Structure formats: C-alpha cells, structure tokens
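Novice: Sharing a structure below in structure tokens format, with a few things to ask.
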Amino acid sequence: MADTPISEVLRFEHPGAGRRRARATPKGRSVSFEAREEIAALLGDRPRQRDCLIEYLHLVQDTYHQISAQHLAALADEMRLAFAEVYETATFYAHFDVVKENDPPLAPLVVRVCDSVTCAMFGAERLLLELKTLPAMQGPGAIARVVRAPCVGLCDQAPVVEVGHHFIHHADRDAVAEAVAHDDSHPHIPPDTIDYDAYIAAGGYQLLGKIRSGEISRETVLVTLDDSGLRGLGGAGFPTGRKWRSMLGEPGPRLMAVNGDEGEPGTFKDRHYLNSDPHRFLEGMLIAAHIVEAEQIYVYIRDEYPAARAILAREIDKLPPGGPVVHLRRGAGAYICGEESSMLESIEGKRGLPRHKPPFPFQVGLFGRPTLINNIETLYWVRDLLEKGVAWWKSFGRNGRTGLRSFSVSGRVKEPGVKLAPAGISLRALVDEYCGGMAEGHTLMAYLPGGASGGLLPASMADIPLDFGTLEQYGCFIGSAAIVVFSDHDDIKDVALNLMRFFEDESCGQCTPCRSGTQKARMLMEQADWDTGLLDELSQVMRDASICGLGQAASNPLTCVMRYFPEALAPKEATK
C-alpha cells in the first residue's frame with residue numbers, strides 16, 4: 001500500500017472518486033453579493049424568524065414590485081431556510097410576483113380587475129379588455145400591467161379595479177387611466193373612522209377595564225355569551241361561548257388568532273366594521289384574550305384590505321397598556337387562508353394548506369399551542385352584548401330567530417351595502433325594506449344566501465328565513481351572510497360557471513378531489529349541454545373526500561342549478 005498512489009487509495013475507498021471534478025461553488029443556489037446586501041438592508045434589525053417569511057416577502061415585493069430569484073435566494077440565506085421553503089411559499093400566494101432568472105422585469109404597477117360574480121355582472125370582462133389597450137400597458141417600457149383578481153371585498157361598488165393599493169369604485173377605463181397616470185396607487189384611509197380618542201370619549205375600553213379588574217367576572221362574560229347564542233360570524237357558526245370555554249381546559253401558554261381574511265365572494269362586512277369602528281372590534285378581541293388567558297394575539301388581515309390594515313397598524317399602537325402583545329399579519333392573496341387552519345399555516349410563514357382535524361386549533365393551533373380563533377365581526381359584538389345584555393340582543397329577530405345579522409348585499413338591488421337586519425329576515429324582506437327594492441327594470445330571479453359557497457336559490461324561495469340552520473335542508477347555508485341578488489337579466493349557468501372558476505383558481509391543490517374536481521367540473525360546465533349525471537357524481541365525490549370546506553362546498557351552486565333551475569339546462573334548439 002505504501003507505494004500505491006493516493007488517487008488509487010481514494011478510488012478504492014470511495015468508488016467514483018477521481019472521476020468527477022470538484023464543484024467550484026458550494027452545492028445549492030449561489031447568492032449574489034448585491035442581492036445579499038439589499039435583503040440585509042431591507043430586513044434591518046427585524047428578527048429572522050420563520051413565521052416572518054411572508055411579511056418579508058411583502059417587503060421585497062413592495063420595494064422592488066416583484067421578487068427575483070436572486071432576492072429569494074438571499075432571503076433564504078438571511079433567514080437560514082432552504083431555498084425550496086422560500087420559493088414554495090412565495091409562489092403559493094397570488095400577490096407575490098416571482099420572476100425567474102433571465103426573465104425580463106415586470107411593469108412596476110399592478111392593475112387588478114375583480115372578475116368575481118358581482119363585478120362580472122356589472123361588466124368586469126369588458127373592462128378588462130379595455131384596460132389592456134391603455135398606452136401605459138403597452139410595449140417593453142410599460143409602467144403598468146393588468147391582471148384578473150378574485151373578489152376584493154367591494155361588491156357593493158362593482159365593478160372594482162385595484163391600482164396598486166388604491167381601489168376605484170364603479171370603475172371605467174378613464175378612471176383607471178387617470179389613476180395610473182398620476183400614480184394614485186396608495187390606500188385611501190376613510191376620513192370618518194372612529195379613532196382611539198373618539199372611542200375613549202364615547203366610553204370605550206371601560207368594559208375591558210372592569211373585566212381586567214375583576215369587577216365583571218369571567219363566568220359572567222361566558223354565561224352572557226352562552227345565553228345570547230352568539231355564533232361565529234365568519235361562516236362556520238360555532239357557538240362563541242362554548243369555543244371560549246373549550247380553551248380554558250387546555251394547558252398554557254395559550255394564543256389567539258383573529259381571522260380577517262374575508263375572501264368569500266360577495267362578503268365585505270368585516271371591511272365595513274374595520275374601516276368605520278375598529279376599536280369596538282379591538283376591545284372585543286382584548287376581552288376574549290383576557291378571558292382565555294392568551295399571551296399573544298395574531299391579527300390576520302387580507303392583503304386586499306390595505307386601508308383597514310393601515311388603520312389597525314395605527315390604532316393598535318394606542319391600545320391600553322397591560323394586555324397581550326398584538327401582532328398584525330398580512331395575507332397575500334389566497335382565499336383558502338380564510339379556512340382557520342390554513343390561516344394558522346400562513347401566520348407561521350408557510351403555504352396556506354389546511355390541516356387535518358383532529359386535533360382542533362383550540363387543542364393544537366398556532367405554533368403547536370392551544371389557540372382561540374375568532375372572526376372580526378364576532379368580536380365586534382362582544383362589547384354591545386356585555387353592556388346591553390342578552391335581552392337587548394334577543395329583542396331582534398324574525399320568524400322565530402333571534403339576534404342581528406350583518407348582511408353584505410350586492411347585485412341587482414337599488415341600494416347595495418352592509419345591512420344590519422334581524423336574524424331570520426327573508427331575502428324578499430331584506431331587499432324591499434333595506435335595499436330600496438330591485439334595481440330599475442330588473443325582476444328577482446335568484447340569489448346567493450351565503451356567498452359563493454352557500455348555494456343558489458330561485459326567486460320562488462325568497463321567503464325562507466336567513467339564519468343558521470334554516471337553509472341546510474335546501475342544500476344551502478348562510479355562511480358569512482353574503483347576499484348576491486340576480487335578476488332576469490342574468491344567465492344562471494354563467495353565474496355557476498363563474499363561481500366554479502373561482503374555486504378552481506383558489507384551490508390550494510393539496511387534495512385531489514378539490515384540485516382536480518373543480519377543474520373537471522369547470523370543463524363540464526363550459527359545455528353547451530351539461531352532463532348532469534356526471535356532474536352530480538363528481539360533486540358527491542368532492543363533498544365526501546375533500547380535506548376542507550372549499551372542496552366540500554365548491555359544488556353547492558352547481559348542484560343548486562341542477563336542482564332548482566331545470567329550465568336553464570334544457571338543450572338549446574340548433575340554430576337554423
């Protein structure tokens with residue numbers, strides 16, 4: 001062995017040694033010095049925590065109007081994460097524009113045209129085509145680019161276009177062109193928002209003080225919630241008092257997460273309350289955190305609500321001292337993150353993939369800790385309930401139901417908007433008494449009682465009470481109380497197809513029944529004559545086998561069309 005060349009020794013000990021040249025650079029993606037410096041400067045002294053990844057991707061996107069492969073690599077290196085972890089997160093969310101190496105840079109300004117169901121009925125498709133002809137969108141030196149966008153939560157102002165972070169209501173080509181030309185791309189903060197000083201002057205946070213001091217006991221709060229029957233108003237409708245009680249049986253430390261990812265097409269009530277009276281929600285949130293002894297609160301707000309996010313960022317800094325730490329987290333354009341476990345994954349800085357249950361979030365939630373999850377509007381009513389009492393809440397209601405409901409009403413009505421009405425009111429009464437009736441020249445044909453996933457009912461069923469538990473027997477549910485009204489001017493098959501396209505685009509892709517089911521359903525629905533037998537079978541598979549509510553409810557409008565609108569499915573006569 002002594003006379004054996006070292007190369008032969010290595011070849012004997014390590015087969016293949018000597019046949020490959022050593023790498024000139026370390027294995028993996030190299031990081032340019034310039035990108036490394038830019039990311040380090042952007043992050044500054046911010047913590048390099050895994051759960052901050054999406055916040056830092058927003059920093060890059062907002063600064064450079066896109067996210068390059070080099071910036072992704074530098075961010076991964078700075079946060080000590082694998083490049084694949086950062087890449088898969090960045091490409092999951094619609095609002096991150098990831099540019100591959102050697103691709104030309106994107107136009108800096110994004111113009112998003114909402115094409116969800118209400119905007120579609122008011123001409124979004126035609127507007128999208130018109131905007132693509134604007135000079136600012138043309139050629140290699142284009143300063144803006146136009147893209148489709150799912151519901152942006154302004155259905156009562158349809159059609160809506162988002163220029164940067166500024167929304168144009170009842171948009172047309174000229175208004176968008178002017179906004180682009182003048183760089184009007186920043187969020188407009190409503191001037192009539194009730195700020196901290198005004199809220200305090202009207203008695204705000206006195207209730208919180210009494211609860212923290214023990215003047216009002218924990219049991220009093222919980223009994224009031226139980227007796228009122230307040231339920232989760234984000235869609236699921238779980239009893240609020242029971243949810244808070246369940247948290248107390250779990251070991252600490254406990255956390256709280258607030259679901260402000262209001263992405264259901266047709267829904268905009270949370271935006272209304274955040275923009276008008278944010279501290280009523282914030283006080284309810286702090287009361288909830290005190291009752292369940294949550295040490296930290298994470299408020300997750302969808303990226304389509306930049307004004308609400310700016311308001312909260314300003315007002316959270318003014319909150320009374322002595323409470324839990326409040327973190328404001330920003331979504332990035334993913335409807336699936338309205339599902340509670342997907343939201344938790346997103347807060348942790350990951351893709352918004354739903355978790356399997358059990359365990360439930362109150363057992364194993366954010367960062368593996370017991371986590372209370374409530375919707376914005378649910379927390380908004382806590383102060384009124386505790387101050388005014390159960391009798392006050394139950395004094396409202398119709399058709400045997402009790403309480404109030406915030407209905408987001410859009411479509412073919414004279415006066416769309418958020419309508420605070422008695423629980424159990426019918427669609428017909430809601431339109432006539434709160435919306436000024438149907439729009440001129442329109443006759444009621446159909447309505448969505450619970451947003452895109454809540455099903456679709458005909459005008460002949462407009463007297464059903466709208467509340468939890470009243471619609472399920474008809475294959476529908478109230479969900480977040482998003483009401484979209486259609487008239488004899490609308491094509492019901494086109495409505496259902498629009499909704500299925502939305503679910504196809506927003507499916508997270510984790511499970512086959514939803515990922516492939518929504519795609520196959522959309523393809524079948526694009527045919528002139530629907531194969532109702534195959535669509536019905538496909539819908540059943542999606543309901544039975546999908547992991548979360550998106551896939552389970554995606555076929556509701558489709559099955560309602562087949563059940564309640566047979567005339568729309570009749571084969572059309574061949575054109576002579």
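Novice: Testing the spin-label approximation: label points 7 Å from Cα along Cα→Cβ at LYS210 and THR63. State their distance in nm.
Specialist: Taking the two extended label points, one gets 4.9 nm.
Novice: Any chance you could list the semi-axes, whole Å, largest first, of the equivalent ellipsoid that the Cα gyration tensor gives for region 124-198, using √(5λ)?
Specialist: On the way: eigenvalues 139, 46, 18 Å².
Working from the Cα gyration tensor, I get semi-axes of 26, 15, 10 Å.
Novice: Relative contact order (percent) for the chain, with alpha-carbon contacts under 8 angstrom and 6 or more residues of separation? Provide the component values of the computation, followed by the final result.
Specialist: Numbers: 1042 pairs, mean separation 65.9, N = 576.
This gives 11 percent for the chain.
Novice: What is the calculated FRET efficiency for ARG46 to PHE83, with r their C-beta to C-beta distance and R₀ = 22 Å, to the nearest 0.05?
Specialist: Efficiency at R0 = 22 Å is approximately 0.65.
Novice: Work out which GluC sites (Glu not before Pro) in the chain are exposed loop sites (DSSP not H, G, I, E or B, at most 12 other Cβ within 10 Å) and give the longest gap free of them.
Specialist: Values: sites that count: GLU101, GLU215, GLU440, GLU526, GLU573.
No qualifying site falls inside 216-439, the longest such stretch.
Novice: Distance from the Cα centre of region 259-309 to that of region 59-76, in angstrom?
Specialist: Cα centroid to Cα centroid, the span is 28 Å.
Novice: How charged is the neighbourhood of GLY44? Take every other residue with its Cβ under 13 Å from the Cβ of GLY44, and add Lys/Arg as +1 and Asp/Glu as -1. Write down the numbers at each step before the final one.
Specialist: Values: positive: ARG46, ARG48; negative: GLU37, GLU38, ASP45, GLU55, GLU78.
Result for the local shell: -3.
Novice: Here's something else I'd like to know. Solvent-accessible area of HIS165, probe 1.4 Å, all protein chains present, reported in Å² to the nearest ten, please.
Specialist: 50 Å²
Novice: How many angstrom lie between the Cα centre of region 342-405 and the Cα centre of region 168-220?
Specialist: When both Cα centres are located, 20 Å separates them.
Novice: Could you pull the Rg and Dmax for region 423-567, using just the Cα atoms, both in Å?
Specialist: 15.2, 45
Novice: I've got another one for you. Checking the table LYS269/LYS388; LYS243/LYS394; LYS243/LYS318; LYS210/LYS269; LYS269/LYS357; LYS132/LYS414 against a 25 Å threshold on Cα-Cα, which pairs fail?
Specialist: Numbers: LYS269/LYS388 22 Å; LYS243/LYS394 20 Å; LYS243/LYS318 28 Å; LYS210/LYS269 29 Å; LYS269/LYS357 28 Å; LYS132/LYS414 31 Å.
Checking Cα-Cα distances, LYS243/LYS318; LYS210/LYS269; LYS269/LYS357; LYS132/LYS414 exceed 25 Å.
Novice: Restricting everything to alpha-carbon atoms, can you work out Rg to Rh for the chain with a Kirkwood hydrodynamic radius?
Specialist: Values: Rg = 26.2 Å, Rh = 25.7 Å.
Result: Rg/Rh = 1.02.
Novice: With +1 on the Cβ of every Lys and Arg and -1 on the Cβ of every Asp and Glu, and nothing else charged, how large is the dipole of region 42-146 about its Cα centre, in debye rounded to the nearest 20? Can you show the working numbers first?
Specialist: Details: 9 positive and 14 negative charges, 42 e Å.
I would put it at about 200 debye.
Novice: Still on this model: Please compute the net charge surrounding GLN363, taking Lys and Arg as +1 and Asp and Glu as -1 over other residues with Cβ under 14 Å from its Cβ. It would help to have the intermediate numbers written out before the result.
Specialist: Values: positive: LYS243, ARG245, ARG254, ARG355, LYS357, ARG369; negative: GLU250, GLU340.
Once positives and negatives cancel, what remains is +4.
Novice: In whole Hz, with x marking every Gly and Pro, tabulate ³J(HN,Hα) for region 368-385 from phi via Karplus 6.51 cos²θ - 1.76 cosθ + 1.60, θ = phi - 60°.
Specialist: x, 9, x, 9, 7, 10, 10, 7, 4, 5, 4, 5, 4, 8, 4, 4, 4, 5
Novice: Specify whether the C-alpha gyration tensor of region 344-402 places it in the rounded, prolate or oblate class, a ≥ b ≥ c being the square roots of the eigenvalues: rounded for a/c under 1.5, otherwise prolate if a/b is larger than b/c and oblate if not. Numbers along the way, then the final one.
Specialist: Working: a/c = 3.04, a/b = 2.53, b/c = 1.20.
Since a/c reaches 1.5 and a/b is larger than b/c, the shape of region 344-402 is classed as prolate.
Novice: What chymotrypsin sites (Phe, Trp or Tyr not before Pro) in region 499-576 are in a loop by DSSP, with at most 10 other Cβ atoms within 10 Å of the Cβ?
Specialist: Numbers: sites: PHE502, PHE503, TRP530, TYR564; in loops: TRP530.
Nothing satisfies the criteria.
Novice: If you don't mind, there's one more thing I want to ask. For region 252-264, what does the Karplus curve 6.51 cos²θ - 1.76 cosθ + 1.60, with θ = phi - 60°, yield as ³J(HN,Hα) per residue in whole Hz, taken in order and with x for Gly and Pro?
Specialist: Those phi angles translate into x, x, 10, 10, 9, 10, 9, 8, x, 9, 7, x, 5 Hz.
Novice: Classify region 456-529: rounded, prolate or oblate, from the alpha-carbon gyration tensor (a ≥ b ≥ c, eigenvalue square roots; a/c under 1.5 rounded; otherwise prolate if a/b is larger than b/c)? List each step's numbers first, then the result.
Specialist: Working: a/c = 2.45, a/b = 1.41, b/c = 1.74.
The shape class here is oblate.
Novice: Please compute the length gained on full extension between ILE189 and GLU125, using 0.36 nm multiplied by the number of residues separating them and subtracting their Cα-Cα distance. Write out the running numbers ahead of the final one.
Specialist: Values: separation 64, 0.36 × 64 = 23.04 nm, distance 2.82 nm.
Once the chain is fully extended between ILE189 and GLU125, it gains 20.2 nm.
Novice: Can you tell me which lysines have their Cα less than 25 Å from the Cα of LYS520? Leave out same-chain residues fewer than eight positions away.
Specialist: Output for LYS520: LYS493, LYS572.
Novice: Here's another thing I want to ask about it. DSSP loop trypsin sites (Lys or Arg not before Pro) in region 317-359 with at most 15 other Cβ atoms within 10 Å of their Cβ, which ones? Present the calculation step by step, with values, prior to reporting the outcome.
Specialist: Details: sites: LYS318, ARG329, ARG330, LYS350, ARG351, ARG355; in loops: LYS318, LYS350, ARG351, ARG355.
Those that pass, being in a loop and sparsely packed, are LYS318.
Novice: Starting from the Cα of ARG563, step 7 Å toward the Cβ, then list every residue of region 475-500 with an amide N under 12 Å from that point.
Specialist: Flagged as within label range: 475-477.
Novice: Using Cα-Cα distances under 8 Å and only pairs 6 or more residues apart, what relative contact order does region 54-98 have, in percent?
Specialist: On the way: 35 pairs, mean separation 19.8, N = 45.
44 percent.
The values are calculated or read from the model by the stated rules, or taken from the named source; none is laboratory data. Fair warning: this is a prediction, and the values are worked out from it, not measured in the lab. Cβ atoms come from the backbone with ideal geometry, glycine included; neighbour counts cover every protein chain shown. Keep in mind that these areas ignore ligands, DNA and RNA; they rest on the heavy atoms of the full protein, side chains included. Shrake-Rupley method; radii C 1.70, N 1.55, O 1.52, S 1.80 Å.
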